[in-house]
Amino acid sequence: MRFDASNASPSLRPWNADDCICGRMRRTEPCPSWAPSGTRWNAALTGPGTPGPSTSRSNPSAIFTSFAGVPGYRGPRYLKRSSGAGEPAARLSRMSDDVARVFDRMAGTYHELEPWYEHLYAVLHEILRAEIPPADRGRRALDAGCGTGFQTAALEKLGYESHGVDISAGVLRIAARTLSRSWLARGNLESLPYADESFDAVVCCGSTLSFTGKPTRAVAELARVLRPGGALLLECEHKWSLDLGWALVSSVTRDSLGYGVTPRSAWRQIARPLREGLAIDYEGAPLRLFTTTELGEMLAATGLVPLRRWGIHWATNVIPSTILHRPRLGRMTAMLYRRLRAIDRRFAVAPLAQRVSNSLVILAGKTAR
């Protein structure tokens, strides 16, 4: 994954190098001409965006939000879209279009992880495997903001019928080539193309929530599609991280650390009320940083109950994040980083870690009826 080091430390891509499932997959049925070689294909589908068997065929309005020209697209089999849920790609908001363009541009290098992301997703996937229980037959899980599909793949391994949705057709093309049993759709997190209470588990990571224009509505949508008794694992950008201090240092030293901020903009961001988040620019799209207070209020408003919290990239903030975004670290820096990673991972549940981390991870439950 490559990106301009002048940007600070948004946790952007749902991709874990340790769990890569790339490579050719065994065919179970003949692939259509437009599908990549080796893609596991459902013969009931005749092309991108076409309905699957049973209910989807008889009810065209139940089709997932489609995206033309995505090789390997696999439509829904029986999940109907409830009234008002989901919206055609052509009607997605302007902000959604901006976000889609950003990630379409990055799709080709999405999987290339710098040291920063290697640590983020190593810890995040440990949490996912520990907190999302293995599935019994017939249970479904959603990866909201699936990107190229690493959380989707992790849910597959836990035995779920896994579904992935993302705003970017570019990253979905990559996911379609690497996921053998998942169902993919292009859609907006603020209007998910799924029926109420469709999933036993929902995962929303890779800072997906930070790229939504209406995060409160997005959280409400995640809660809507989650079944009572189900679990939501949410990861997003945190405002009050120690890395903010390095951004300030960089702003008053002629951007010596490459954060790309001026003293005026840095202090204006910090001067906001403690409980309020802020939005910064990332490659032409707004990226929102949340406070724990904001996240707690959004979850409470939807009836979701926070169960556990973790902070990732708190101890590692001893090193400026712009350095950790480099493809390779110097020998001494790499040695220090390994030690800091061990501390960061071991004490991720500590209150201090949650208060000063770059990434907040929250496990929330939906109360059973």
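Key figures
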| read-out | value |
| --- | --- |
| When residues of region 136-173 are limited to those that are among the hydrophobic types (A, V, I, L, M, F, W, C) and assigned to a loop (DSSP other than H, G, I, E, B), the one surrounded by the fewest Cβ atoms within 10 Å (Cβ to Cβ) | 158 |
| Selected residue [surrounded by 13 or more Cβ atoms within 10 Å (Cβ to Cβ), in a helix (DSSP H, G or I) and modelled with pLDDT under 90] from 316, 293 | 293 |
| Selection within region 256-269 - out of contact with any helix residue (DSSP H, G or I) (no Cβ under 7 Å at 6 or more places or on another chain) and either surrounded by fewer than 17 Cβ atoms within 10 Å (Cβ to Cβ) or under 24 Å from residue 353 (Cα atoms) (or both) | 264, 265, 267, 268, 269 |
| Residue in region 152-161 that is closer than 19 Å to residue 222 by Cβ, in contact with a helix residue (DSSP H, G or I) (Cβ under 6 Å, 6 or more places away or on another chain) and at pLDDT below 95 present | yes |
| In region 190-216, residue farthest from residue 123 (Cα to Cα) [restricted to those that are modelled with pLDDT of 95 or more and charged (D, E, K, R)] | 196 |
| Unique residue being assigned to a helix (DSSP H, G or I) and in contact with an Asp or Glu (Cβ under 7 Å, 6 or more places away or on another chain) when the list is 224, 264 | 224 |
| First in region 342-358 and under 17 Å from residue 126 (Cβ atoms) and free of Cβ contacts under 8 Å to residues at least 60 places away in the same chain, second anywhere and in a helix (DSSP H, G or I) and not basic (Lys, Arg), Cβ under 8 Å, 6 or more apart | 343/315; 347/315; 347/353; 353/315; 353/344 |
| Among the residues listed as 107, 122, 89, the single one being modelled with pLDDT under 60, among the aliphatic types (A, V, I, L, M) and touching a helix residue (DSSP H, G or I) at 6+ places or on another chain (Cβ under 7 Å) | 107 |
| Region 319-333, subset in a helix (DSSP H, G or I) and in contact (Cβ under 8 Å) with a residue 60 or more places away in the chain, residue surrounded by the fewest Cβ atoms within 10 Å (Cβ to Cβ) | 323 |
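The values are calculated or read from the model by the stated rules, or taken from the named source; none is laboratory data. Worth saying up front: this structure is predicted, and the values here are computed from it rather than measured. Cβ atoms come from the backbone with ideal geometry, glycine included; neighbour counts cover every protein chain shown.
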